[in-house]
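Notes for the one structure printed next.
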Amino acid sequence: EVNAEAERLGRLTNDLLALARADEGQVQFDRDAVRLDLLAADAVESLEPLANERNITLSTKTLRTTTVRGDAARLIQVIIGLVDNALTYTNSGGCVSISVEIKNGAAQLIVRDTGIGIAQEDLGHIFERFYRADPARSRSAGGCGLGLAIVDWVVRAHNGTITVESQVGKGSTFTVTLPLENDSDF
């Protein structure tokens, strides 16, 4: 219990530090050609044991060869953040899937879950720091309300956008859109 709490505080500190540096414009991103589809496959592989432990099916739907320009470590943080969030709010027996596609001349990373969903009134706030759609489940879920704020910051720093569609009781779909490598002035 003490170790879990120490770990949680350590994550909170790291997340706050990352956001504080971002606010001051101190963060430098790599600008490499990055295969988004390979990052997604790696993320699924690394989170599969967690999904299995929670009896959730984690799968890849479409992984189209897709190259963007950016920081691989930060982009994997986005993917893991979104998949981990989906796993946290999906009940045992549910499904989480990840896709990488090219649509309208841009890269799209899509994370879908069959989880508890997000109420309409909360949708506009979920990327805010420390925002909790349901305060009652915050600590039990193990987070501190910074994961999606960091995901949003990294996506925007890559000249991308993130959108979410959700229905309570049916699940959520997060879509990250990033410029393809040849279109990027990142």
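Checked against the criterion of being among the β-branched types (Val, Ile, Thr) and within 12 Å of the chain's Cα centre (by Cα), the candidates ILE56, ILE102, ILE116, ILE79 yield just one match: ILE79. Summed over the range 83-116, the residues that are of a type outside the set (Gly, Ala, Ser) and farther than 15 Å from LEU47 by Cβ give a count of 10. The C-beta contact set for the range 146-165 (first residue free of Cβ contacts under 8 Å to residues at least 40 places away in the same chain and outside any helix (DSSP H, G or I), second residue hydrophobic (A, V, I, L, M, F, W, C) and surrounded by fewer than 21 Cβ atoms within 10 Å (Cβ to Cβ), distance under 7 angstrom, 6+ apart or interchain) comprises ASN159/PHE186. When ALA119 is tested against the conditions (1) among the aliphatic types (A, V, I, L, M); (2) more than 14 Å from VAL164 (Cβ to Cβ); (3) open to solvent by 20 Å² or more (accessible area, probe 1.4 Å), the lone failure is (2).
Checked against (1) open to solvent by less than 30 Å² (accessible area, probe 1.4 Å); (2) modelled with pLDDT under 85; (3) under 15 Å from the mean Cα position of the chain (by Cα), GLY147 passes all but a single condition, namely (1). Taking the range 88-113 as the range and being over 22 Å from ALA157 (Cβ atoms) and touching a helix residue (DSSP H, G or I) at 6+ places or on another chain (Cβ under 6 Å) as the test, the residues that pass are THR88, VAL96, ASP113.
The values are calculated or read from the model by the stated rules, or taken from the named source; none is laboratory data. The model shown is predicted, which means the values in this text are computed figures rather than measured ones. So basically every Cβ, Gly included, is an ideal-geometry build from the backbone, and we count neighbours across all protein chains shown. Surface areas here come from the heavy atoms of the whole protein model, side chains and all, with no ligands, DNA or RNA. Shrake-Rupley method; radii C 1.70, N 1.55, O 1.52, S 1.80 Å.
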